[in-house]
Amino acid sequence: MARIAGKICQIQADAVAILGITTWTLDIAGDVPDVTGMDSSGARAFIAGLTGWSGNFEAHMDATDAKAIGAGGLRPGATVVIKPFISATQFYTGSTIITGISPKVAVDGDVTWSVTFQGTGALTYPV
């Protein structure tokens, strides 16, 4: 089995690589509506419903990132294409709406930031 090291993963937002990524997460889910009727012999029945996805990433901030927040397009409510890479040839792609940006500053460390996003439409999976 060929395992993949996290050190090669990255995120692109509108085809621009976000530098300093430390973690990223995708949450992919599907609704399962309960369609149990009295004719089900006492066993619950379900069907596949709507699907959706969301996620977040965290990174060390540099001057380029600081300029990208707000005026540069990464701001709450902005629609951007997020492309989380697992490797150079395996990645997810989908349109998202930025739902939050959280810069974090500590006196004894560097400036970091996290971004949360909500997928809108279909998510393309790695092949």
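When Thr51, Thr99, Thr116 are compared by accessible surface with a 1.4 Å probe, the order from highest to lowest is Thr51, Thr99, Thr116.
For the full complex of protein chains and a 1.4 angstrom probe, list Arg3, Arg44 by accessible area with the highest value first.
On the way: Arg3 195, Arg44 165 Å².
Output order, biggest surface exposure first: Arg3, Arg44.
Dividing the convex hull volume of the alpha-carbon atoms in segment 1-106 by its residue count gives 178 Å³ per residue. Residues in segment 111-127 carry Karplus couplings, in order, of 7, 10, 8, 10, 10, 10, 8, 10, x, 10, x, 6, 9, 8, 8, x, 9 Hz; the curve used is 6.51 cos²θ - 1.76 cosθ + 1.60 with θ = phi - 60°, and Gly or Pro positions show x.
A Förster radius of 41 Å combined with the Cβ-Cβ distance from Thr51 to Asp108 puts the calculated FRET efficiency at roughly 0.45.
The share of alpha-carbon pairs in segment 48-127 lying farther apart than 18 Å comes to 49%. In order along segment 36-47, the Karplus-derived 3J(HN,Hα) couplings, from 6.51 cos²θ - 1.76 cosθ + 1.60 at θ = phi - 60°, round to 5, x, 5, 8, 8, 6, x, 9, 5, 10, 9, 10 Hz, and Gly and Pro are given as x.
The values are calculated or read from the model by the stated rules, or taken from the named source; none is laboratory data. Everything numeric here is computed off the predicted structure, so don't read it as measured data. All Cβ positions, even for glycine, are placed from backbone atoms using ideal geometry, and neighbour counts span all protein chains on display. Protein only, heavy atoms only, side chains kept; ligands, DNA and RNA dropped before computing areas. Shrake-Rupley method; radii C 1.70, N 1.55, O 1.52, S 1.80 Å.
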